[in-house]
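**Student:** Structure incoming, see below.
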Amino acid sequence: MSDLKKMRSQRWLANEDFRTFNHRSRVMQMGYDKKDWEGKPVIAILNNWSDFNPCHMHFKHRVEEVKRGVLQAGGFPLELPTVSLGENLIKPSALLYRNMLAMEVEEMIRAFPVDGVILMGGCDKTTPAMLLGATSADLPTIFIPAGPMLRGNWAGKTLGSGSDAFKYWDDKRAGIISSTEWEDILSGIARSPGTCMTMGTASTMTSIAEALGMTMPGAASIPAVDAAHQRMCTQAGRRVVEMVVEDLRPSAIQTRNAFLNAITVAMSVGCSTNAIIHVIAQARRAGQDISLEDFDELSRKVPVLANIRPNGTSHYLMEDFYYAGGLPGLMSRLKPFLHLDEKTVSGMTLGETLEGVQVYNDDVIRPLDKPIYTEGALAVLRGNLAPDGCVIKPSAMSQEFLVHRGPAMVFDDYPTLKAALDDEDLDITADHVIVLRNAGPKGGPGMPEWGMVPIPQKLVKQGVRDMLRISDARMSGTSYGACVLHVAPEAYVGGNLALLRNGDIISMDVPARQINIEISDQELARRREEWVAPAPRYGRGYGWMYSEHITQANEGCDFDFLKTSFGETAGEPDIF
Ligand code: FES
């Protein structure tokens, strides 16, 4: 229980001296008086709203519900806009800016008179970015997920974000649908505020935030436009004030077991491959040792129960998941795999939040004995192609490629790849392995979501819909296909991927967790001597700092100077 007289904000607002004169007079400039703040926790509401981020468009107004809750509980709410990483409009990649938002969140919490924090995010990189920053700042914090948008709709058919764009684009390329139909799909696939409504990166990351204990119970699955979302926002506003009184901080919630819960849930929802990068980064900020091995170990045990696209064979989306019981329903089925004693922001343990929870549709949230995939969603592969690991999503690919051997067709950049794959005379078969390199953390830069390399036009017309593809890029969580991603070390820094040549035979064995180039160590060493490092992508600015300090995918792509063990990170300098 904290002593409210010692709240951080008191340093700015409590003393009747000259130093605080300016602070207090400027708060009064906004129309507040002493009664608004005296003895009350200041709650910063970090609102990730912008006109460049359609997933968060409701946050502009939804923030009022949060403020209502804070006021009801006796807090003083102040809204703080942040950089908003709208996944679909940002180039070259939102991941390039994840750490920038994380730094902004951490430093703004530290710089202002803040006692408790509400984070409003949800679009892919905003959830991990805001949680990374708040983890390092370590003040009482609740994350409010934006919530998924409503199901898409076209000609009586359900449309899923990303997944159906990919599907119908291939149909358009194959001449199965017309340009007019394609335009109609365009206007029907995103028809309300909220995040992508497949189990893509957004819903994966908000589900992870809930499983970690950082959201109000059930928050991750509530559709953005449902009135329950408004009520959840108000509840979070009330609760964060109590958390300040209780001094309940992320460091007390984000234990190693809480991260294992998060990975378990991620596996069972058929998570986006992006989850690996973000969870490793966040665990390292929290001082917890989480690695690729934890993902692979849990993936071998935890079944995929959420029958939501792009996993499974149904057309179920996040809206269906919510009506079926949402994440609490799924976690109630996962109890044998979860550490139920972990604390959550609600003040209850995870187990307590799941008491009385039910599942209302066994086809959407499968029972443990009827999973849609018996093992977890992701597999971590190693071998001479990826000595530091790479990932694949067995639950969302043609199972015939789980074991595959074929000749490599290698591309050094995306424009060249795209032009070649559109060429109907390309000399390629469905057994080939298409490789895209120089698309990793430094090379991309920012690991663009190019990993679901398009199937060559010629093969699409022959009905081919999956092939083995390999890259050091990422792919959208809404993607489908036999795509090996996050190859580490990346080609741009001289990983073995850089040494691969057209026609080299690649062998992959997912059950054995192996991926190799069938050439000798001597040949690899010979090629390495010939390899010339590419010129740096940036000479100045944020891009330069990013390139100098970004870590590889298996380390979470955080900046090396932001990890918990870097220099002095405990507390904050109390000199101003
Ligand atoms: Fe924002 Fe998909 S683009 S969640």
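The values are calculated or read from the model by the stated rules, or taken from the named source; none is laboratory data. None of these values were measured; they are calculated from a predicted model. Neighbour counts are summed over all protein chains in view; Cβ atoms, including those assigned to glycine, are modelled from backbone coordinates with ideal geometry.
**Student:** Look through G116, G39 and report the one residue that is more than 16 Å from the ligand (Cβ to nearest atom), farther than 18 Å from V225 by Cα, touching a residue at least 60 places away in the same chain (Cβ under 8 Å) and of a type outside the set (F, W, Y). Show your work before the answer.
**Tutor:** Details: G39 fails: touching a residue at least 60 places away in the same chain (Cβ under 8 Å).
Just a single option satisfies the conditions, and that option is G116.
**Student:** While we're looking at this one, here's another question. Which residue pairs have Cβ atoms closer than 8 Å, lie 6 or more positions apart in sequence or on different chains, and pair a first residue in the stretch 51-73 that is at pLDDT 95 or above and within 16 Å of the ligand (Cβ to nearest atom) with a second residue that is assigned to a loop (DSSP other than H, G, I, E, B) and among the polar types (S, T, N, Q)?
**Tutor:** F52/S84; N53/S84; P54/N88; H56/N48; H56/S50; H56/S84; F59/N48
**Student:** May I pose another question? Working only within the stretch 151-170, note down all residues that are within 16 Å of the ligand (Cβ to nearest atom) and either part of a strand (DSSP E or B) or of a type in the set (S, T, Y) (or both). If you could, list the steps in order and put the result at the bottom.
**Tutor:** Our first condition is that a residue be within 16 Å of the ligand (Cβ to nearest atom); within the stretch 151-170, this holds for 151-152, 159-166.
If the condition is that a residue be within 16 Å of the ligand (Cβ to nearest atom) and either part of a strand (DSSP E or B) or of a type in the set (S, T, Y) (or both), then G152, L159, S161, S163 are the ones that fit.
**Student:** Just checking, how many residues over the stretch 290-344 are hydroxyl-bearing (S, T, Y), without any contact (Cβ under 8 Å) to a residue 60 or more places away in the chain and surrounded by fewer than 21 Cβ atoms within 10 Å (Cβ to Cβ)? Walk me through how you get there before you give the answer.
**Tutor:** Start the filter on the stretch 290-344 by keeping residues that are hydroxyl-bearing (S, T, Y), which leaves 291, 299, 313-314, 316, 322-323, 332, 344.
Subsequent filtering for residues that are without any contact (Cβ under 8 Å) to a residue 60 or more places away in the chain retains 313-314, 316, 323, 332.
After this cut, where a residue has to be surrounded by fewer than 21 Cβ atoms within 10 Å (Cβ to Cβ) as well, the list is 313-314, 323, 332.
So the answer is 4.
**Student:** Within the stretch 172-195, can one find any residue that is under 20 Å from the mean Cα position of the chain (by Cα), in contact (Cβ under 8 Å) with a residue 40 or more places away in the chain and crowded, with 24+ Cβ neighbours inside 10 Å? Even if it seems obvious, please write down each step before you answer.
**Tutor:** At the first step, the residues of the stretch 172-195 found to be under 20 Å from the mean Cα position of the chain (by Cα) are 190, 193-195.
Add one more test, that the residue is in contact (Cβ under 8 Å) with a residue 40 or more places away in the chain, and what stays is 190, 193-195.
Subset that is crowded, with 24+ Cβ neighbours inside 10 Å: 194-195.
Yes, that holds for at least one residue.
**Student:** Sticking with this structure for a sec: Suppose we filter T551, T569 for residues that are at pLDDT below 95 and surrounded by 12 or more Cβ atoms within 10 Å (Cβ to Cβ); which single one remains?
**Tutor:** None of the others qualify; the one that does is T569.
**Student:** Residues I142, I185, I176, I109: which one is part of a strand (DSSP E or B) and not polar (S, T, N, Q)? Write out each step before concluding.
**Tutor:** Values: I185 fails: part of a strand (DSSP E or B); I176 fails: part of a strand (DSSP E or B); I109 fails: part of a strand (DSSP E or B).
One residue alone meets the criteria, I142.
**Student:** Consider only pairs whose beta carbons are under 6 Å apart and that are at least six residues apart or on different chains; among these, list those whose first residue lies in the stretch 461-483 and is at positive phi and whose second residue is away from the ligand (no atom under 16 Å from the Cβ) and not β-branched (V, I, T).
**Tutor:** G481/M397; G481/D466
**Student:** Further, regarding this structure: Are any residues in the stretch 448-484 within 16 Å of the ligand (Cβ to nearest atom), among the polar types (S, T, N, Q) and over 15 Å from I277 (Cα atoms), and if so, which ones?
**Tutor:** Of everything in the stretch 448-484, those that are within 16 Å of the ligand (Cβ to nearest atom), among the polar types (S, T, N, Q) and over 15 Å from I277 (Cα atoms) turn out to be T478, S479.
**Student:** Hey, can you tell me all the residues within the stretch 353-364 that are out of contact with any strand residue (DSSP E or B) (no Cβ under 6 Å at 6 or more places or on another chain) and surrounded by 15 or more Cβ atoms within 10 Å (Cβ to Cβ)?
**Tutor:** Selection gives T353, L354, V357, N361, V364.
**Student:** What is the one condition in (1) modelled with pLDDT under 95; (2) hydrophobic (A, V, I, L, M, F, W, C); (3) within 15 Å of the ligand (Cβ to nearest atom) that F21 does not satisfy?
**Tutor:** Every listed condition holds for F21 apart from (3).
**Student:** Tell me which helices (runs of 4 or more DSSP H) are completely within the stretch 223-271 and hold 2 or more residues being over 30 Å from L4 (Cα atoms) and not aromatic (F, W, Y), or say none if there are none. Write out each step before concluding.
**Tutor:** Working: elements: 227-246, 250-253, 256-268.
Per the criteria, 227-246, 256-268.
**Student:** Considering each of A224, A209 in turn, give the residue that is in contact with a Phe, Trp or Tyr (Cβ under 6 Å, 6 or more places away or on another chain), over 22 Å from K418 (Cα atoms) and within 16 Å of the ligand (Cβ to nearest atom).
**Tutor:** Details: A224 fails: in contact with a Phe, Trp or Tyr (Cβ under 6 Å, 6 or more places away or on another chain).
Exactly one of A224, A209 is in contact with a Phe, Trp or Tyr (Cβ under 6 Å, 6 or more places away or on another chain), over 22 Å from K418 (Cα atoms) and within 16 Å of the ligand (Cβ to nearest atom), namely A209.
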